[in-house]
Amino acid sequence: AAQNSAGTTYGTEKSFTTLDTTAPTSSISISGGASYTKSSTITLNLSATDDVGVTGYYLSNSATVPSASAVGWISITSTPSYSGSVSYSLSSGDGSKTVYVWYKDAAGNVSTAASDSITLDTTTPAITITSPTSSATYTTASNTINLGGSASDSASGVSSVTWSSDKGGSGTASGTANWSISGITLSSENNVITVTVTDSANNTGSATITVTYGAVPTATTGSSTNI
(Lines give C-alpha, C1' and ligand atoms only; values in the text may rest on other atoms or scores of the structure.)
Protein backbone atom coordinates (compact mmCIF):
# COMPACT_ATOMS: atom_id res chain seq x y z
CA ALA A 1 0.00 0.00 0.00
CA ALA A 2 1.04 3.65 -0.45
CA GLN A 3 0.04 7.09 0.88
CA ASN A 4 -0.37 10.33 -1.02
CA SER A 5 0.58 13.76 0.36
CA ALA A 6 -2.79 14.04 2.07
CA GLY A 7 -2.13 10.88 3.99
CA THR A 8 -4.74 8.76 2.14
CA THR A 9 -3.77 5.12 1.83
CA TYR A 10 -4.27 3.25 -1.46
CA GLY A 11 -4.10 -0.51 -2.14
CA THR A 12 -1.79 -1.99 -4.76
CA GLU A 13 -3.22 -2.69 -8.26
CA LYS A 14 -4.49 -6.19 -8.97
CA SER A 15 -4.96 -7.89 -12.39
CA PHE A 16 -8.12 -9.83 -13.21
CA THR A 17 -8.60 -12.69 -15.68
CA THR A 18 -11.92 -12.91 -17.54
CA LEU A 19 -13.63 -16.24 -16.89
CA ASP A 20 -14.80 -17.71 -20.22
CA THR A 21 -17.10 -20.69 -19.95
CA THR A 22 -19.08 -20.13 -23.15
CA ALA A 23 -18.24 -22.34 -26.13
CA PRO A 24 -18.33 -20.95 -29.68
CA THR A 25 -21.42 -21.33 -31.83
CA SER A 26 -20.88 -23.58 -34.84
CA SER A 27 -22.00 -23.87 -38.47
CA ILE A 28 -21.04 -25.78 -41.63
CA SER A 29 -22.34 -26.06 -45.18
CA ILE A 30 -21.07 -28.42 -47.89
CA SER A 31 -20.61 -26.92 -51.36
CA GLY A 32 -23.11 -24.17 -50.70
CA GLY A 33 -25.80 -26.60 -49.60
CA ALA A 34 -25.62 -28.95 -52.61
CA SER A 35 -27.34 -32.32 -52.28
CA TYR A 36 -25.06 -34.28 -54.63
CA THR A 37 -21.47 -34.24 -55.86
CA LYS A 38 -19.55 -36.31 -58.41
CA SER A 39 -16.17 -35.35 -56.92
CA SER A 40 -14.80 -36.65 -53.63
CA THR A 41 -13.06 -33.29 -53.14
CA ILE A 42 -15.58 -30.77 -51.85
CA THR A 43 -15.64 -27.26 -50.38
CA LEU A 44 -16.76 -26.71 -46.79
CA ASN A 45 -18.21 -23.34 -45.84
CA LEU A 46 -17.39 -22.81 -42.16
CA SER A 47 -18.52 -20.15 -39.70
CA ALA A 48 -18.48 -19.66 -35.93
CA THR A 49 -18.75 -16.92 -33.33
CA ASP A 50 -17.43 -16.59 -29.78
CA ASP A 51 -17.69 -13.81 -27.17
CA VAL A 52 -13.89 -13.86 -26.70
CA GLY A 53 -12.53 -15.39 -29.90
CA VAL A 54 -12.58 -18.54 -32.06
CA THR A 55 -9.06 -20.02 -32.26
CA GLY A 56 -9.48 -23.27 -34.21
CA TYR A 57 -11.70 -25.85 -35.88
CA TYR A 58 -11.72 -29.63 -36.12
CA LEU A 59 -13.15 -31.61 -39.07
CA SER A 60 -14.15 -35.27 -39.08
CA ASN A 61 -16.44 -37.82 -40.71
CA SER A 62 -17.08 -39.22 -37.23
CA ALA A 63 -19.42 -37.78 -34.61
CA THR A 64 -16.90 -38.44 -31.79
CA VAL A 65 -16.26 -35.18 -29.93
CA PRO A 66 -12.55 -34.18 -29.89
CA SER A 67 -10.86 -32.78 -26.80
CA ALA A 68 -9.39 -29.28 -26.99
CA SER A 69 -5.90 -30.82 -27.03
CA ALA A 70 -6.57 -33.54 -29.61
CA VAL A 71 -4.37 -33.88 -32.69
CA GLY A 72 -6.11 -32.55 -35.79
CA TRP A 73 -7.23 -29.07 -34.74
CA ILE A 74 -6.65 -26.40 -37.37
CA SER A 75 -5.51 -23.17 -35.74
CA ILE A 76 -6.82 -19.78 -36.86
CA THR A 77 -6.08 -16.26 -35.70
CA SER A 78 -8.37 -15.54 -32.75
CA THR A 79 -11.50 -13.72 -33.88
CA PRO A 80 -14.98 -13.21 -32.40
CA SER A 81 -16.51 -14.03 -35.80
CA TYR A 82 -14.88 -16.60 -38.09
CA SER A 83 -15.85 -17.64 -41.63
CA GLY A 84 -13.90 -19.49 -44.27
CA SER A 85 -14.02 -21.97 -47.14
CA VAL A 86 -11.75 -25.01 -47.04
CA SER A 87 -11.21 -28.06 -49.24
CA TYR A 88 -12.07 -31.49 -47.83
CA SER A 89 -11.80 -35.06 -49.18
CA LEU A 90 -14.74 -37.37 -48.66
CA SER A 91 -14.27 -41.05 -47.90
CA SER A 92 -14.34 -43.33 -50.95
CA GLY A 93 -17.46 -45.08 -52.20
CA ASP A 94 -20.74 -43.68 -53.49
CA GLY A 95 -23.42 -42.82 -50.96
CA SER A 96 -24.36 -40.29 -48.30
CA LYS A 97 -21.43 -38.59 -46.55
CA THR A 98 -21.63 -36.53 -43.35
CA VAL A 99 -18.95 -34.06 -42.27
CA TYR A 100 -18.76 -32.79 -38.67
CA VAL A 101 -17.02 -29.66 -37.38
CA TRP A 102 -16.19 -28.34 -33.89
CA TYR A 103 -14.75 -24.98 -32.94
CA LYS A 104 -12.77 -24.00 -29.86
CA ASP A 105 -11.75 -20.76 -28.14
CA ALA A 106 -8.60 -19.71 -26.26
CA ALA A 107 -10.06 -20.94 -22.96
CA GLY A 108 -10.37 -24.47 -24.38
CA ASN A 109 -14.15 -24.45 -24.67
CA VAL A 110 -15.25 -26.78 -27.49
CA SER A 111 -18.50 -26.13 -29.34
CA THR A 112 -21.22 -28.63 -30.00
CA ALA A 113 -20.91 -30.36 -33.35
CA ALA A 114 -22.28 -28.86 -36.53
CA SER A 115 -22.76 -31.19 -39.48
CA ASP A 116 -23.92 -31.34 -43.08
CA SER A 117 -24.44 -34.22 -45.50
CA ILE A 118 -24.01 -34.71 -49.24
CA THR A 119 -24.39 -37.75 -51.53
CA LEU A 120 -21.31 -38.78 -53.49
CA ASP A 121 -22.25 -40.14 -56.92
CA THR A 122 -19.41 -41.05 -59.28
CA THR A 123 -21.36 -43.58 -61.36
CA THR A 124 -22.25 -42.91 -65.00
CA PRO A 125 -26.02 -43.06 -65.57
CA ALA A 126 -27.34 -45.59 -68.10
CA ILE A 127 -29.38 -44.82 -71.20
CA THR A 128 -30.74 -46.98 -74.04
CA ILE A 129 -32.54 -46.25 -77.29
CA THR A 130 -35.32 -48.77 -77.94
CA SER A 131 -37.55 -47.05 -80.51
CA PRO A 132 -37.83 -47.27 -83.47
CA THR A 133 -35.07 -49.88 -82.97
CA SER A 134 -32.54 -51.00 -80.40
CA SER A 135 -29.94 -51.44 -83.15
CA ALA A 136 -27.18 -48.90 -83.70
CA THR A 137 -28.40 -48.12 -87.23
CA TYR A 138 -31.75 -47.42 -88.85
CA THR A 139 -32.93 -46.57 -92.37
CA THR A 140 -36.02 -44.53 -93.12
CA ALA A 141 -37.72 -42.86 -96.09
CA SER A 142 -39.14 -40.12 -93.83
CA ASN A 143 -37.30 -36.84 -93.30
CA THR A 144 -38.13 -36.87 -89.57
CA ILE A 145 -37.76 -39.50 -86.87
CA ASN A 146 -39.09 -40.13 -83.37
CA LEU A 147 -36.88 -41.77 -80.76
CA GLY A 148 -37.71 -43.37 -77.42
CA GLY A 149 -35.99 -45.32 -74.68
CA SER A 150 -35.14 -45.52 -70.99
CA ALA A 151 -32.58 -44.05 -68.59
CA SER A 152 -31.60 -44.85 -65.01
CA ASP A 153 -29.27 -43.82 -62.19
CA SER A 154 -29.22 -45.61 -58.85
CA ALA A 155 -27.42 -42.96 -56.75
CA SER A 156 -28.69 -39.45 -57.46
CA GLY A 157 -31.41 -40.08 -60.05
CA VAL A 158 -31.88 -38.93 -63.63
CA SER A 159 -32.07 -35.16 -63.98
CA SER A 160 -32.51 -34.69 -67.73
CA VAL A 161 -32.30 -36.35 -71.16
CA THR A 162 -31.18 -34.30 -74.17
CA TRP A 163 -30.31 -35.00 -77.81
CA SER A 164 -28.11 -33.58 -80.55
CA SER A 165 -27.46 -34.40 -84.21
CA ASP A 166 -24.19 -34.16 -86.09
CA LYS A 167 -26.19 -32.51 -88.88
CA GLY A 168 -27.33 -29.75 -86.53
CA GLY A 169 -30.19 -29.46 -84.12
CA SER A 170 -30.60 -30.35 -80.45
CA GLY A 171 -33.25 -30.41 -77.75
CA THR A 172 -34.63 -31.91 -74.57
CA ALA A 173 -36.53 -35.19 -74.43
CA SER A 174 -39.92 -35.56 -72.83
CA GLY A 175 -39.62 -37.63 -69.65
CA THR A 176 -36.55 -39.04 -67.91
CA ALA A 177 -36.73 -42.68 -66.79
CA ASN A 178 -38.87 -43.32 -69.87
CA TRP A 179 -38.15 -40.65 -72.44
CA SER A 180 -39.27 -39.76 -75.95
CA ILE A 181 -38.19 -37.33 -78.66
CA SER A 182 -40.51 -36.30 -81.49
CA GLY A 183 -39.84 -34.88 -84.95
CA ILE A 184 -36.05 -34.85 -85.29
CA THR A 185 -35.32 -33.46 -88.75
CA LEU A 186 -33.04 -35.63 -90.88
CA SER A 187 -30.62 -34.64 -93.62
CA SER A 188 -29.91 -36.87 -96.60
CA GLU A 189 -27.75 -39.92 -96.02
CA ASN A 190 -26.34 -40.60 -92.53
CA ASN A 191 -27.43 -38.71 -89.40
CA VAL A 192 -25.63 -39.51 -86.13
CA ILE A 193 -27.98 -38.69 -83.26
CA THR A 194 -26.64 -38.71 -79.69
CA VAL A 195 -28.98 -38.96 -76.71
CA THR A 196 -27.40 -37.87 -73.40
CA VAL A 197 -28.60 -38.54 -69.85
CA THR A 198 -27.47 -36.33 -66.95
CA ASP A 199 -27.93 -37.30 -63.30
CA SER A 200 -28.35 -34.98 -60.31
CA ALA A 201 -24.60 -35.07 -59.63
CA ASN A 202 -23.90 -33.97 -63.25
CA ASN A 203 -22.51 -37.33 -64.38
CA THR A 204 -23.43 -38.01 -68.00
CA GLY A 205 -23.97 -41.10 -70.17
CA SER A 206 -24.91 -41.33 -73.84
CA ALA A 207 -26.23 -43.57 -76.60
CA THR A 208 -26.05 -42.98 -80.34
CA ILE A 209 -27.97 -44.12 -83.38
CA THR A 210 -27.02 -43.60 -87.04
CA VAL A 211 -30.13 -42.92 -89.10
CA THR A 212 -29.88 -43.17 -92.88
CA TYR A 213 -32.43 -41.05 -94.73
CA GLY A 214 -33.04 -41.41 -98.49
CA ALA A 215 -35.60 -42.47 -101.09
CA VAL A 216 -36.51 -46.13 -101.01
CA PRO A 217 -34.90 -47.78 -104.09
CA THR A 218 -37.19 -49.30 -106.71
CA ALA A 219 -36.54 -52.05 -109.22
CA THR A 220 -38.18 -52.76 -112.58
CA THR A 221 -37.87 -55.63 -115.04
CA GLY A 222 -38.71 -56.04 -118.68
CA SER A 223 -41.09 -58.65 -120.00
CA SER A 224 -39.97 -62.26 -119.73
CA THR A 225 -39.27 -64.38 -122.78
CA ASN A 226 -38.27 -67.93 -123.48
CA ILE A 227 -39.65 -69.20 -120.14
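Segment Ser182..Ala68, full-extension length gain: 34.7 nm, with 0.36 nm per residue of separation and the alpha-carbon distance subtracted. Between region 61-109 and region 156-219, what's the alpha-carbon centroid distance in Å? Each part's Cα centre sits 47 Å from the other's.
Can you give the alpha-carbon Rg of the chain over 2.2 N^0.38 Å, where N counts its residues?
Details: Rg = 33.8 Å, N = 227, 2.2 N^0.38 = 17.3 Å.
After normalising by residue count via 2.2 N^0.38 Å, the value is 1.96.
For the chain, the per residue solvent-accessible surface stands at 57 Å², with DNA, RNA and ligands left out and a 1.4 Å probe. Contact order for the chain, expressed relative to its length and based on alpha carbon pairs under 8 Å spaced 6+ residues apart, stands at 18 percent.
Would you work out what percent of the accessible area of the chain, with all protein chains in place, is carbon or sulfur (probe 1.4 Å)?
That share works out to 46 percent.
Highest mean first, how do 134-142, 192-200, 122-130 rank when packing is the count of other Cβ atoms within 10 Å averaged over residues?
Values: 134-142: 11.4, 192-200: 20.6, 122-130: 17.2.
Sorting 134-142, 192-200, 122-130 by mean packing, highest first, produces 192-200, 122-130, 134-142.
Legend: translational diffusion of region 115-207 by Stokes-Einstein, Rh = Kirkwood radius over C-alpha pairs, 37 °C, 0.692 mPa s; D = 235 µm²/s.
The values are calculated or read from the model by the stated rules, or taken from the named source; none is laboratory data. Every value quoted in this text rests on a predicted model; they were computed, and no experiment measured them. Reconstructed Cβ throughout: ideal geometry from the backbone, glycine too, with neighbour counts over all protein chains shown. Please note that ligands, DNA and RNA were not included when accessible areas were found on the heavy atoms of the full protein model with its side chains. Shrake-Rupley method; radii C 1.70, N 1.55, O 1.52, S 1.80 Å.
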